[in-house]
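Taking it in order: structure first as structure tokens, then the write-up.
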Amino acid sequence: MTSTIAPAVPGSVDDKGPGPVGPPRGAKFLKMLPLAPSIALMVVFLAGPILYCLYAAFTNMALTGTGAAEVKFIGFDNFRKAFGSSAFINSIWLTLVFTLISAIIGQNTLGLGLALLMRRSTKLVRSLVGTAVIGAWVLPEIVAAYLLSAFLNSEGTLNVILERVGLNGQDWMYGAPIIAVSIANIWRGTAFSMLVYSAALSEIPKEIEESAEMDGAAGGRRLWWVTLPMISRAILTNLMLITLQTLSVFGLIYAMTRGGPGTKSQTLPLYMYEQAFSFSQIGYGTAIALVMLAIGAVFSLIYLRGLNSEAA
Amino acid sequence: MTRAHVSKLTANLILLAIGAVFVLPLLWVLFASINSTAGLRVEVPDSPTLNNFRAVLNVDTTYRPMLNGLVLCGGSALLTLLCAVLAAYPLSRFKTKFNRPFLLTVLFATGLPITAVMVPVYGLFVQLNLVDTIGGTIMFMTTTSLPFAIWLTKTFMDGVPISLEEAAWVDGAGSMQALFRIVLPLMWPGIAVVLIFTFIGLWGNFFVPFMLLLSPERLPASVTIFTFFSQYGEVNYGQLAAYSLIYTMPVLILYLLLSKKLGGAFALGGAIKG
């Protein structure tokens, strides 16, 4: 039972106009009324604050100094300052590296691999591994950060294992902080992709894969030509969600490295937090928030385009 | 051994290897919590003790923050689910010009880093006299999880064929009747995923309650664990591990209850049909 194989694609009914099998007729307004509670909440508590951000980003608003006494409109100065700052450019790069390694490659591929392997494994192994992966996911962010800090510490478990197999360990959070926080994010986030893909895979009728196998499509070929196309909607949705989520990861990195050492793991959210709250530059901080918003918007549009062409 | 056996064995071995990597940090917290001299590496304690738990199990450190968290996150998760289901139905079933811009907006909101809006939100709460109120915090937490919940609920709802409702419509059922009698019972796994994900996301949320709640007696566990960190100059790893376990317990219990109820319907932790 999935939209990819269901004969009636949701929404297609209305294209035929209201007929005897169409949804109950009524004023458009009434049909859309169930949206009202969600819209009310989002207008008051999200749209309002965002509009305020749009205003604050173009001012010199600050908690201390002249920007605190008299808020002035300063045009694009905050953005000019940002793109001329090496710390800002550094944080953009780190954010992209973090998102690529931990979400798009790590969580997505590992989650899909786990879901695929679980279809072929025995029930006991499936439950054991599933429980471990989901266990990492249900941990609150700050606890996960704490566990991974211990795991990646120079005296931690990872180095004990590496030494056993004859490799040199290091203090991951000092030597390779962006890798360390990426590992932490993969550890913590893979379960979500695994659940999404398991759900998508369980909706593929057995007969389709069996007939593909009878036609001689084995292993990788069947995966590429039969299985993956059938879950392409799930892949795009999952990629979009985990990308957006990873772009705004704050607590995990903050608790593990505070963006350091130096600025070696200072992604955009941490840079913004530092500017807005530690340095009290509210206007500059909200300008960076707008940049983050724009990056999220670009990713959303890319995936949305993919989803649309897929649905067509 | 046939080819199917070999592939099953390979799959099992690879899965166990990946699972082992995932389980190591979890093992650490389990062992450290019963070790009065816990360090940073996984080690089985020589003489297991419950002293770490005894030290943190009191009203101020554990009971009240946990109860606060349950009220905050439970209330927000249920409110989120209700709003999301209501919103997803017209988006999934009725095609209007309004749908696409709305879903686009929801997508943008999903990508929005909440850290970015916390300053204006705090200002708004001061204006509305909502600072340090549980109700106000629940409403904001609901709003932060709504975009994602709507998006996810709609995706799951799209998977329920509309043909099943057509019979009900012919019989004169309204759209809300069709939603609650026909569509929702068919998408319980999806509903459970939305609820679990929302609750878990909120339970771990530190920044929102930290900004919007002030009174120590109203703070949830996600905030008090931070004060717990800073209270001790020398980190007591054992007590921190014990407290981490207690703090994690509600989401674990919720997950286990739901995954049991779901049975073979959904792939939560080994419930996939073979």
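The values are calculated or read from the model by the stated rules, or taken from the named source; none is laboratory data. It should be emphasised that the depicted structure is a prediction, and the values quoted were computed from it without experimental measurement. We place every Cβ from the backbone using ideal geometry, glycine too, and count neighbours over all the protein chains shown. Accessible surface areas use protein heavy atoms only, side chains included; no ligands, DNA or RNA. Shrake-Rupley method; radii C 1.70, N 1.55, O 1.52, S 1.80 Å.
Go through A:Ala62, A:Ala87, A:Ala57, A:Ala103 for me and flag whichever is open to solvent by 30 Å² or more (accessible area, probe 1.4 Å) and aliphatic (A, V, I, L, M). It would help to see each step written out before you state the result.
Numbers: A:Ala62 fails: open to solvent by 30 Å² or more (accessible area, probe 1.4 Å); A:Ala57 fails: open to solvent by 30 Å² or more (accessible area, probe 1.4 Å); A:Ala103 fails: open to solvent by 30 Å² or more (accessible area, probe 1.4 Å).
After ruling out the rest, the residue left standing is A:Ala87.
Looking at B:Ala149, B:Ala192, can you tell me which residue is under 24 Å from A:Val44 (Cα atoms), open to solvent by less than 20 Å² (accessible area, probe 1.4 Å) and among the small types (Gly, Ala, Ser)? Break it down stepwise before answering.
Working: B:Ala192 fails: under 24 Å from A:Val44 (Cα atoms).
B:Ala149 is the lone residue from the list that is under 24 Å from A:Val44 (Cα atoms), open to solvent by less than 20 Å² (accessible area, probe 1.4 Å) and among the small types (Gly, Ala, Ser).
Can you tell which of B:Thr143, B:Thr198 is among the polar types (S, T, N, Q), in contact with a helix residue (DSSP H, G or I) (Cβ under 7 Å, 6 or more places away or on another chain), more than 7 Å from chain A (Cβ to nearest Cβ) and assigned to a helix (DSSP H, G or I)? If you could, list the steps in order and put the result at the bottom.
Values: B:Thr143 fails: more than 7 Å from chain A (Cβ to nearest Cβ).
Matching residue, one of B:Thr143, B:Thr198: B:Thr198.
Which numbered condition in (1) of a type outside the set (A, V, I, L, M); (2) more than 7 Å from chain B (Cβ to nearest Cβ); (3) under 18 Å from A:Tyr254 (Cβ atoms) is the only one that A:Gly111 fails?
Only one criterion is unmet by A:Gly111, namely (3).
Evaluate the following for A:Phe299: is it within 11 Å of chain B (Cβ to nearest Cβ) and free of Cβ contacts under 8 Å to residues at least 24 places away in the same chain?
no
Of the conditions (1) at the interface with another protein chain (Cβ under 8 Å from one of its Cβ atoms); (2) modelled with pLDDT of 85 or more; (3) open to solvent by 30 Å² or more (accessible area, probe 1.4 Å); (4) closer than 30 Å to A:Arg120 by Cβ, B:Ser7 satisfies every one except a single condition; which number is it?
(2)
For A:Ala47, indicate whether it is more than 7 Å from chain B (Cβ to nearest Cβ) and at pLDDT 85 or above.
Details: more than 7 Å from chain B (Cβ to nearest Cβ): yes; at pLDDT 85 or above: yes.
When the stated conditions are applied, A:Ala47 passes them.
For residues that are surrounded by 20 or more Cβ atoms within 10 Å (Cβ to Cβ) and among the small types (Gly, Ala, Ser), tally how many sit in the range B:38-86.
So the count comes out to 5.
Search the range B:106-132 for residues being of a type outside the set (A, V, I, L, M, F, W, C) and touching a helix residue (DSSP H, G or I) at 6+ places or on another chain (Cβ under 8 Å), and hand back the single one that is modelled with the highest pLDDT.
Step one: filter the range B:106-132 for residues of a type outside the set (A, V, I, L, M, F, W, C), giving B:110-111, B:113, B:115, B:120, B:122-123, B:127, B:129, B:132.
Of the ones still in play, those that are also touching a helix residue (DSSP H, G or I) at 6+ places or on another chain (Cβ under 8 Å) are B:110-111, B:113, B:115, B:120, B:122-123, B:132.
Values: B:Thr110: 69, B:Gly111: 62, B:Pro113: 64, B:Thr115: 68, B:Pro120: 74, B:Tyr122: 76, B:Gly123: 71, B:Asp132: 93.
Per the stated criteria, the residue is B:Asp132.
In the range A:143-180, how many are under 20 Å from A:Leu270 (Cα atoms), surrounded by fewer than 22 Cβ atoms within 10 Å (Cβ to Cβ) and at pLDDT below 85?
Count: 2.
Looking at the range B:151-165 only, could you name the residues that are over 24 Å from the mean Cα position of the chain (by Cα), over 15 Å from B:Phe94 (Cβ atoms) and more than 7 Å from chain A (Cβ to nearest Cβ)?
Passing the criteria: only B:Leu164.
Of the numbered conditions (1) under 27 Å from B:Gly74 (Cβ atoms); (2) open to solvent by 20 Å² or more (accessible area, probe 1.4 Å); (3) not in a loop (DSSP other than H, G, I, E, B), B:Gly123 satisfies every one except a single condition; which is it?
(1)
Within the range A:36-54, work out how many residues are open to solvent by less than 70 Å² (accessible area, probe 1.4 Å), more than 20 Å from B:Phe98 (Cα to Cα) and not aromatic (Phe, Trp, Tyr).
Looking only at that region, the number is 4.
Considering each residue of the range A:14-35, count those that are open to solvent by 30 Å² or more (accessible area, probe 1.4 Å) and at pLDDT 85 or above, and give that number.
Selection size over the range A:14-35: 1.
Residues that are of a type outside the set (D, E, K, R): find the helices (runs of 4 or more DSSP H) completely inside the range A:169-233 holding 3 or more of those.
On the way: elements: A:172-175, A:177-202, A:206-214, A:219-222.
Because the criterion is at least 3 residues that are of a type outside the set (D, E, K, R), the helices (runs of 4 or more DSSP H) in the range A:169-233 that meet it are A:172-175, A:177-202, A:206-214.
Looking at A:Ile178, is it under 30 Å from B:Ile200 (Cβ atoms) and facing chain B (nearest Cβ under 10 Å)? So that I can check it myself, show each step before the final result.
On the way: under 30 Å from B:Ile200 (Cβ atoms): yes; facing chain B (nearest Cβ under 10 Å): no.
Criteria not met by A:Ile178.
Is it true that some residue in the range A:273-281 is surrounded by fewer than 24 Cβ atoms within 10 Å (Cβ to Cβ), closer than 24 Å to A:Leu152 by Cα and modelled with pLDDT of 85 or more?
The answer is no, given that none of the residues of the range A:273-281 is surrounded by fewer than 24 Cβ atoms within 10 Å (Cβ to Cβ), closer than 24 Å to A:Leu152 by Cα and modelled with pLDDT of 85 or more.
What's the number of the condition B:Pro120 fails, among (1) touching a residue at least 12 places away in the same chain (Cβ under 8 Å); (2) within 23 Å of A:Ala297 (Cβ to Cβ)?
Result: B:Pro120 passes all but (1).
When you check A:Val249 against the structure, is it within 19 Å of the chain's Cα centre (by Cα) and not in a helix (DSSP H, G or I), yes or no? Let's see the steps before the verdict.
Details: within 19 Å of the chain's Cα centre (by Cα): yes; not in a helix (DSSP H, G or I): yes.
Criteria met by A:Val249.
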